[in-house]
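Working notes for the structure below.
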Amino acid sequence: QVQLVESGGGLVQPGGSLRLSCVASGSIFSINDMGWYRQAPGKGRELVAVMSNRGSSRYADSVKGRFTVSREIGMNTAGLRMNSLKPEDAAVYYCDLNQLGRNYWGQGTQVTVSS
């Protein structure tokens, strides 16, 4: 089994910043992608940003230029730096890990953007 634990969510004002962190543990031996998805109330889960084990990253158009995904490959950790946050960024953010074609998810961390 693979366990993912997220941290770093919270309440921030519009224009503010937050950093999310994720630590993976368990039966980890061949991670492909690791990154972040989010789900707002009444909406489906959507990709935010992921990074491959080769260091290439991809982002949702809505966060490009504002969010930065990072990974420490050997430490099985991932981060998400979020700048210039907007109310529409509010959601539960989930850490995602893809290993041998299977996706694993954390429990999620709430990000609230409000004045």
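Restricting to region 96-109, what's the tally of residues that are in a strand (DSSP E or B) and either surrounded by 12 or more Cβ atoms within 10 Å (Cβ to Cβ) or among the hydroxyl-bearing types (S, T, Y) (or both)? Outline the logic, then answer.
Just the residues of region 96-109 that are in a strand (DSSP E or B), to begin with: 96-99, 102-105, 109.
With the extra rule that they be either surrounded by 12 or more Cβ atoms within 10 Å (Cβ to Cβ) or among the hydroxyl-bearing types (S, T, Y) (or both), the set shrinks to 96-99, 103-105, 109.
Number of matching residues: 8.
Search region 59-71 for residues that are over 10 Å from A49 (Cα atoms) and pair each with any residue that is outside any loop (DSSP other than H, G, I, E, B) and of a type in the set (A, V, I, L, M, F, W, C) when their beta-carbon atoms are under 6 Å apart and the residues are at least 6 apart or on different chains.
R71/M34; R71/M51; R71/A78
With respect to D61, is the statement that it is among the acidic types (D, E) and buried (at least 18 other Cβ atoms within 10 Å of the Cβ) true? Break it down into steps so the answer makes sense when it comes.
Details: among the acidic types (D, E): yes; buried (at least 18 other Cβ atoms within 10 Å of the Cβ): no.
No.
Cβ-Cβ distance below 9 Å, separation of 6 or more or different chains: which pairs start in region 8-19 with a residue that is free of Cβ contacts under 8 Å to residues at least 40 places away in the same chain and end on one that is assigned to a loop (DSSP other than H, G, I, E, B) and open to solvent by 50 Å² or more (accessible area, probe 1.4 Å)?
none
Name, by its number, the condition in (1) surrounded by 15 or more Cβ atoms within 10 Å (Cβ to Cβ); (2) out of contact with any Asp or Glu (no Cβ under 8 Å at 6 or more places or on another chain); (3) modelled with pLDDT of 95 or more that does not hold for I31.
(3)
Would you mind stating whether P41 is open to solvent by 40 Å² or more (accessible area, probe 1.4 Å), at pLDDT 95 or above and assigned to a loop (DSSP other than H, G, I, E, B)?
Numbers: open to solvent by 40 Å² or more (accessible area, probe 1.4 Å): yes; at pLDDT 95 or above: no; assigned to a loop (DSSP other than H, G, I, E, B): yes.
No: the conditions fail for P41.
Restrict the check to region 81-92 and report whether at least one residue is without any contact (Cβ under 8 Å) to a residue 24 or more places away in the chain and closer than 23 Å to K43 by Cα. Reasoning before the result, please.
First, the residues of region 81-92 that are without any contact (Cβ under 8 Å) to a residue 24 or more places away in the chain: none.
No, region 81-92 has no match at all.
Yes or no, residue by residue, for (1) open to solvent by 20 Å² or more (accessible area, probe 1.4 Å); (2) among the hydrophobic types (A, V, I, L, M, F, W, C); (3) under 26 Å from S115 (Cβ atoms); (4) at pLDDT below 95:
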| residue | (1), (2), (3), (4) |
| --- | --- |
| L20 | no, yes, yes, no |
| W36 | no, yes, yes, no |
| N53 | yes, no, no, yes |
| V69 | no, yes, no, no |
| E72 | yes, no, no, yes |
| N83 | yes, no, yes, no |
| A90 | yes, yes, yes, no |
| Y94 | yes, no, yes, no |
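The values are calculated or read from the model by the stated rules, or taken from the named source; none is laboratory data. These numbers come from a predicted model, not from an experiment. Neighbour counts run over all protein chains shown; Cβ positions are idealised from the backbone, glycine included. Areas reflect the complete protein model, heavy atoms only, side chains present, ligands, DNA and RNA absent. Shrake-Rupley method; radii C 1.70, N 1.55, O 1.52, S 1.80 Å.
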